[in-house]
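Chemist: Below you will find the structure I want to go over with you.
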């Protein structure tokens, strides 16, 4: 993956997301949120987006998900131009947004219920996913009975229940305390590796971005552009102790310097 993308989107078995000249404006064009975004994301990779508030990170995720349309340019997912929401792309937000009157497993089953009546296989899969995120014993608990971190685990299981192979996460752990956040980052890496999903993750935390990612996209202030792509060549699987290494801190300094120069 390179910072400059060729003018044509080249088909590749490994390329699952590609953007060419993507711009998005709001309020009749008076607010330009995103401008001339060009990038490709390879299958199974983990990309972190960092940048100032309002630089278009969340807008970019919504464009990839097909929730909004670009003002200019286009995005392809699996070599098909994104024009509407897709079943192979799923998005998770900062708040868990669980339905309070449904148990954990009922919340996980919600994406299936939207499409069809859940089968016994669907229910078994939902329970497998709750076990995967460490909440098998809380399948029949309601959100009010769960901590914030546990609610986000349910939301992650619900995301995986969609069956999407591209996961978009918009600051999913931003509202959690540091200890819970670090624990969930480790869980996220384990789960993404297990399900072999391609992941794009928005965060304001530089250390978090580097710890999780194969590449960090550094974005400019609005109108947002990708100023630099920083490769993260840290060995996987990763432990929290890697954050004390010289290589990790050099990457932090590189991203911070790029942001400071914008």
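Chemist: Please state which one of 230, 192 is in contact with a strand residue (DSSP E or B) (Cβ under 8 Å, 6 or more places away or on another chain) and part of a strand (DSSP E or B).
Modeler: Of 230, 192, the one residue that is in contact with a strand residue (DSSP E or B) (Cβ under 8 Å, 6 or more places away or on another chain) and part of a strand (DSSP E or B) is 230.
Chemist: I would also like to ask the following. Just give me the residues in region 195-213 being farther than 17 Å from residue 60 by Cα, assigned to a helix (DSSP H, G or I) and touching a strand residue (DSSP E or B) at 6+ places or on another chain (Cβ under 7 Å), in sequence order.
Modeler: Listed by number, the residues that qualify are 206, 210, 212.
Chemist: Also: Can you pull out the residues in region 87-97 that are surrounded by 12 or more Cβ atoms within 10 Å (Cβ to Cβ) and either farther than 18 Å from residue 170 by Cα or touching a residue at least 60 places away in the same chain (Cβ under 8 Å) (or both)? First the steps, then the outcome.
Modeler: So the first thing to find is which residues in region 87-97 are surrounded by 12 or more Cβ atoms within 10 Å (Cβ to Cβ), and the list is 88-97.
Once the filter is applied, which keeps residues that are surrounded by 12 or more Cβ atoms within 10 Å (Cβ to Cβ) and either farther than 18 Å from residue 170 by Cα or touching a residue at least 60 places away in the same chain (Cβ under 8 Å) (or both), region 87-97 yields 88, 89, 90, 91, 92, 93, 94, 95.
Chemist: If you go through region 28-37 one residue at a time, do you hit one that is more than 18 Å from the chain's Cα centre (by Cα), free of Cβ contacts under 8 Å to residues at least 12 places away in the same chain, at negative phi and in a loop (DSSP other than H, G, I, E, B)?
Modeler: Within region 28-37, one or more residues are more than 18 Å from the chain's Cα centre (by Cα), free of Cβ contacts under 8 Å to residues at least 12 places away in the same chain, at negative phi and in a loop (DSSP other than H, G, I, E, B).
Chemist: Is it true that some residue in region 174-185 is in contact with a helix residue (DSSP H, G or I) (Cβ under 7 Å, 6 or more places away or on another chain), part of a helix (DSSP H, G or I) and either at pLDDT 95 or above or closer than 19 Å to residue 44 by Cβ (or both)?
Modeler: Among the residues of region 174-185, at least one is in contact with a helix residue (DSSP H, G or I) (Cβ under 7 Å, 6 or more places away or on another chain), part of a helix (DSSP H, G or I) and either at pLDDT 95 or above or closer than 19 Å to residue 44 by Cβ (or both), which makes the answer yes.
Chemist: Look at region 135-150 and say how many of its residues are crowded, with 17+ Cβ neighbours inside 10 Å and either over 18 Å from the mean Cα position of the chain (by Cα) or modelled with pLDDT of 95 or more (or both).
Modeler: The qualifying residues number 6.
Chemist: Something else about it: Have a look at 105, 64 and point out the one that is surrounded by 17 or more Cβ atoms within 10 Å (Cβ to Cβ), modelled with pLDDT of 95 or more and within 19 Å of residue 166 (Cβ to Cβ).
Modeler: After applying the criteria, what remains is 64.
Chemist: Looking only at residues that are crowded, with 17+ Cβ neighbours inside 10 Å and in contact (Cβ under 8 Å) with a residue 24 or more places away in the chain in region 73-85, which one is nearest to residue 34 (Cα to Cα)?
Modeler: It comes out as 73.
Chemist: If residue 217 satisfies all but one of (1) touching a helix residue (DSSP H, G or I) at 6+ places or on another chain (Cβ under 7 Å); (2) surrounded by 18 or more Cβ atoms within 10 Å (Cβ to Cβ), what's the number of the condition it fails?
Modeler: Among (1) touching a helix residue (DSSP H, G or I) at 6+ places or on another chain (Cβ under 7 Å); (2) surrounded by 18 or more Cβ atoms within 10 Å (Cβ to Cβ), the lone unmet condition for residue 217 is (1).
The values are calculated or read from the model by the stated rules, or taken from the named source; none is laboratory data. As the structure is a prediction and not an experimental result, all values here were calculated from the model. Glycine gets a Cβ as well: all are built from the backbone with ideal geometry, and neighbour counts include every protein chain shown.
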